[in-house]
Structures are given as C-alpha cells and as structure tokens.
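The structure appears right after this line, and notes come after that.
The values are calculated or read from the model by the stated rules, or taken from the named source; none is laboratory data. Everything quoted here is computed from the prediction, not taken from an experiment. Ideal geometry is used to build each Cβ from the backbone, glycine not excepted, and the neighbour counts take in all protein chains shown. Accessible surface is based on the protein model in full, side chains and every heavy atom, while ligands, DNA and RNA are left aside. Shrake-Rupley method; radii C 1.70, N 1.55, O 1.52, S 1.80 Å.
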Amino acid sequence: MSEAAPALHRRLRRRGRNAGAGLVGAAIVGLWMFAALAAPLLAPHGEAAIVSNTVFGPMSGRFPLGTDYLGRDVLSLILYGARYTIGLALAATALAAGSGVVLGSLAAASGGTLDAVLSRAMDTLISLPGLMFALVMVAALGSSVPVLIATAAVIYTPGAFRIARSLAVDINAMDFVVVARARGEKTHTIMFEEILPNMVLPVLTDFGLRFVFIVLLLSSLSFLGLGIQPPAADWGSLVRENIQGLGYGAPAVIMPAVAIATLTIGVNLLIDGFAGGRRREFADGH
Amino acid sequence: MRNRVILRLIGARIGANLLLLLAISLLVFLGTELLPGNVAEIVLGQGATPAAVAALSAAMHLNQPAPLRYLLWLGGLVSGHLGHSLVNGDSVASLIASRLPNSLLLAGLTALVSVPVALALGITAAVWRGTLYDRIVNVLTVASVSVPEFLVATLAVLVFAVRLHWLPALAYLGAADSLGGLFRVFALPVMTLSFAIVAQMARMTRAALVNTLESSYVEMAVLKGARPARVVLRHALPNAIGPIANAIALSLSFLLGGIIIVETIFDYPGLARLMVDAVSTRDMPLIQACAMLFCAFYLLLVLIADIAAILSNPRLRFR
C-alpha cells in the first residue's frame, strides 16, 4: 500500500529473529546441560564435603564462588544442583507439553462434546494461580520428586493445551486434512500423521517458555522450603539455605539465584533466536 | 437496548466466574482430601493415641462421607465459619482477618507504583517501536519476567540494606508510623514486587497500543498531517484503553505469585506468609481458606479485565 511497507516488513523480520542472541542462548543452555550431566567430573569438591573452616567465605582461587553456611564449596553445589533444577523442570515440561499437545490435537481432531469437556476442564485449571495450587498439592501430598513433577506438569498443561488446540484447529481446516478425512482415515491417524507433524516448531517454542516458567515455579517452591527436600538441593534450596549470609554479602546466596537467571534468560534468547518473539505474548504467564 | 447487551454479557461473565469458583472449591477440597491415611493421625503425629484420634476425627467431621464434608465446608466458607487452625486452635477467620489488611496494603502500594511506570514504559515503547529504546525496553522486560523474584529481592537487600544501609532488610510494620517510616518499610518489598509486574504490564500495554497504531485509521491520521502527539493521545489511545485496562488487571493477578515470595523474604506479616507457614505445618483448614481467598481475588481481577474489555468494545456497544 505505502512505500514504507517493505521496509517495515524487513524491520519486523529483523526484530523477530535474532541469530546472534540465539547462539548466545544456545551456548548458555548447552553449558548448563553439560554441567548437569557431568557434575561429578566437573565439580572441584564433593557435593556434601565440608572443605573449609570459613562459612560464607568470599570468592577465592580455591573456592571460585565462595563457601556456603557449612563451609562447602558453592561451585560444586551449584553444579550438582543443576541436575535437580534442570532435570525436574525438563521432566515436568515434557509431561506438560506432551499431554497438552496430545489432548489439544485430540480435542481439535474430534471436536464435539470431547472438545467442549476438555476445553472447559482446562479453563478451570488455568484459572488457578500456579504457585498457590502447588502449595495446596505439597501440603496434601508432601514434596517428593514425583509430586513436584506432577504438580508442575498439571499447572502448565492447560497453557500447552490451548496453544496446541488452536494450532490444530487451524491445521484441521486445511485441505490435506479435509482430504484425509474424506479418505476415511481414523481420528488418531489424522491426529498423529496429518496434524502433529505440522505443529512441531511452535510447540517447541512453547516448550522453551514453559520450561522457563517451570524452573521459576520449582525454584520458588524450593526457596520457600517446600520443594526438593534436604539433603538434595536445587538452586532454589541453595538460596534458602544460605539466606543468612545475605548480611555478609556472601556469594553463596547470590550465585545460585544468578545461575537460575542465566538459565532462564538463556532459554529466552534461544527462543528469540530461532523462532522469533511473536509467540511469546500469547504464552506469557501460563 | 445496547445497555442490555452489555449487561447481559457482564452478567454472563460474573455467572461463569462464580461457577469457576465453585469448581475451584471442589478442586481445593479434593486436593486437601487426597492426603493418604487418616488426617487426624497425621496431624497428631507422635501423640496419636486412639482416643485423641477419635476425638479429633469427630471434631473434623472425618467420620462423615466426603460429599457431606464438602457441603459442610462450603457452607462454612459462605457463612464465614472457616473452622479452627489445627496447630493452635485459633479461629481461621480471625487469623485471616489479622493478616489480610497487611497483604492488601502491600498489593495496593505495588499497584500504585507499578501501573504508572508500566503505562509510561509500554506507551513510549509502542510509539517508538522498532527503535533502540524499544529494543532496550523489550530486553529488560523479558529479562525481569524470567528472573526469579527471590533474586531481585536478595540483590535489592544486598545493595540497599547491606551495602548502602539506606533501608531495613526486614519489613517491620511497627516502624511504619510516619510517611518516611512507611516508605522505609515498604520500599524494598514494593520494589521487588513491582519488578515483574511492571515488565508484564508494559509488554501487554505495548502490544495493545501497537495493534491500534498499526490500524488504517491511525495511518490516515498520520497522512492527513496530525502531529505525532495528537495521533497517539487523541486517535490511538482512546481505542486502546480497553485492551490496556485488560492488561493492567491481568498483570496485577500475577501479584499472587510474587507476594508469596516477597512476604517470606521480608518477613512481612501478610496472608501469603500465613499460608506458607500453614503448608509447612499441614494446617488444612487454614490452607483451604487461604487458597479459596487467593483464588477469589485472582478471579476478581480476571473478571475486571474481562469487563474492561467488554465495556470498551464499541462493536458491542452499538450492536
């Protein structure tokens, strides 16, 4: 329409995708994944080893991130903690995204009553404030690892369901699905062979965002003392255990929290780099 | 005629939210009933003599069937009889009444600070979209949404309380007896809470206004030579007010997550801390009541957001 339109389009495209940021994000996320997998090899000291007489010690050559409230090495604790923080969040995200996608495309592919029932049930779940729901679950069932994973998965399934369903509804109206239906294919064939393969990229983007929310949720629970229980400690628990050191400006309090921030910001950069920021508006919060 | 359409829409929203609240009450009840084993035995712990268990079971109506217990509990909830704490026997209603005003004060102050800041950020970012400023705001808001509240809080305490000694690290309400005292007590908690809320709200405000700014009637206004300020204030903003009000209410509902963390860190005597303490002592009646109150508050904000969207939609007004 106007002369400015192509320029505007180019600018939007540049804003949407950002390869540099994506690489930085991929590097950060990759490093943390590696740290989680190789923690026993990388950690300079044992997970529970009390290696210093100084509690809340400052950063030094021997203890790069200082010592904690018992005189343990904070770097080692963070490396071991990465296993809980990343592992639990990955499991919960996979569960949430998996059930969201399966239920969402099932709802879209079958329509009718099943769609209505599933959509209403998800609307109810999504209207529960997340951390609150988690508190109730933990109060009722205790905070074992399976309960934590299941709780986080339940909280973040409705969001995944909504996105998957709206994607599937769009795809469902396309010619090749109409043709498949006319051929007389079964609902599950249409779901797995026609609809699902066409929603991989947006679902992966959503997976990343959901992972960020779940990391924040689980570490908030641990921070409140209601997540992973001692002696195991994720990054949230490390902040909680060392909160007394805040008065001395101990790195033991700040560093685990910074680790969480680098992980979540890294995932965000990765998403911006490879899928563009547009999907984000829609997924914020849930 | 048109008022009736709007009233009916709003009425339907309120009805839907009440139904939702009922469904949530069922979920909360079921959730807290899932506890394996006899609740009375678990509550009594070491002191679970058969007589004590029987007495407590009777007091908690544990011998009645679950549907009846749900109805009893729901009736109590509606009439304000919330039962008694399992830990110290205090009435749940009075425990909540002593904490609720503090949480509302904290939430209110946070809203007072974060709404103007977020609107300013969101509107300017939308007007100057695509510029370096917009990009910086974008990066900062994404970063502050993806950072845990306790990192913001600990950094704020480290800088303002430990290093600079400007503000106290704990929010002791007794010190809030003057305007200066009030500021000193609330500065850090409100700053921490606002951080994520402002980011959320600014992003949504920007998205809402960009939508309007890119419509053809705004392009028309630009082409006919209206000054940029006039285009934004006179042409674009009035049509974006609905989505923006919607964004404000929705973002404020994120307060619920943040307030739980902030009250714990700053040792603030609010409702969220009451609930966290209740969870660690498994004080079920207190947890149930707090959970319902939080959910009701959350649904109220979402309802306000919906109503703002309905009221501001001219297509509904002139149908």
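So that you can scan it fast, the table gives a plain yes or no per residue for (1) polar (S, T, N, Q); (2) at pLDDT 80 or above:
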residue	(1), (2)
A:Pro44	no, no
A:Met59	no, no
A:Ser76	yes, yes
A:Val117	no, yes
A:Ala121	no, yes
A:Leu125	no, yes
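Here the condition is being open to solvent by 30 Å² or more (accessible area, probe 1.4 Å), within 20 Å of B:Thr124 (Cα to Cα), away from every other protein chain (no Cβ under 12 Å) and in a helix (DSSP H, G or I); of B:Ala245, B:Ala309, it holds for B:Ala245 alone. Filtering the stretch B:248-281 to residues that are within 8 Å of chain A (Cβ to nearest Cβ), part of a helix (DSSP H, G or I) and of a type in the set (Ser, Thr, Tyr) leaves B:Thr264, B:Ser280.
So which pairs qualify, if the first residue must be in the stretch A:120-149 and more than 7 Å from chain B (Cβ to nearest Cβ) and within 14 Å of B:Leu27 (Cβ to Cβ), the second must be in a helix (DSSP H, G or I) and not hydroxyl-bearing (Ser, Thr, Tyr), the Cβ gap must be under 6 Å, and the two must be at least 6 apart or on different chains? Close Cβ pairs (under 6 Å, with a partner that is in a helix (DSSP H, G or I) and not hydroxyl-bearing (Ser, Thr, Tyr)) amount to A:Met122/A:Pro158; A:Met122/A:Phe161; A:Leu125/A:Pro158; A:Ile126/A:Pro158; A:Phe133/A:Ile155; A:Ala134/A:Leu221.
Once the stretch A:237-253 is narrowed to residues that are within 10 Å of chain B (Cβ to nearest Cβ) and modelled with pLDDT of 85 or more, the residue that is farthest from the chain's Cα centre (by Cα) is A:Arg240. Just one residue in the set B:Val232, B:Val210, B:Val198 is touching a residue at least 24 places away in the same chain (Cβ under 8 Å) and buried (at least 23 other Cβ atoms within 10 Å of the Cβ); that residue is B:Val198. Does B:Arg8 meet the test of being part of a helix (DSSP H, G or I) and modelled with pLDDT under 80? So B:Arg8 fails the test. Could you tell me which residue of the stretch A:209-230 is nearest to the other protein chains (Cβ to nearest Cβ), considering only residues that are under 10 Å from the mean Cα position of the chain (by Cα), of a type in the set (A, V, I, L, M) and under 22 Å from B:Met275 (Cβ atoms)? Out of the qualifying residues, it is A:Leu216. Under 7 Å between Cβ atoms, which residue pairs at least 6 apart in sequence (or on different chains) link something in the stretch A:51-64 that is open to solvent by 50 Å² or more (accessible area, probe 1.4 Å) with a partner that is among the β-branched types (Val, Ile, Thr)? Taking only residues 6 or more apart or on different chains, the pairs are A:Thr54/A:Thr67; A:Val55/A:Thr67.
For the criterion of being hydrophobic (A, V, I, L, M, F, W, C), open to solvent by 40 Å² or more (accessible area, probe 1.4 Å) and outside any helix (DSSP H, G or I), B:Val87 passes.
Screening B:Leu71, B:Leu106 for residues that are at pLDDT 85 or above and either within 22 Å of the chain's Cα centre (by Cα) or exposed (fewer than 15 other Cβ atoms within 10 Å of the Cβ) (or both) leaves exactly one candidate, B:Leu106.
Taking the stated definitions as given, is A:Ile126 over 30 Å from A:Ala232 (Cβ atoms), buried (at least 17 other Cβ atoms within 10 Å of the Cβ) and touching a His at 6+ places or on another chain (Cβ under 7 Å)? Yes, satisfied. On the basis of being more than 9 Å from every other protein chain (Cβ to nearest Cβ), surrounded by fewer than 21 Cβ atoms within 10 Å (Cβ to Cβ) and not polar (S, T, N, Q), does A:Val117 make the cut? Against the criterion (more than 9 Å from every other protein chain (Cβ to nearest Cβ), surrounded by fewer than 21 Cβ atoms within 10 Å (Cβ to Cβ) and not polar (S, T, N, Q)), A:Val117 qualifies.
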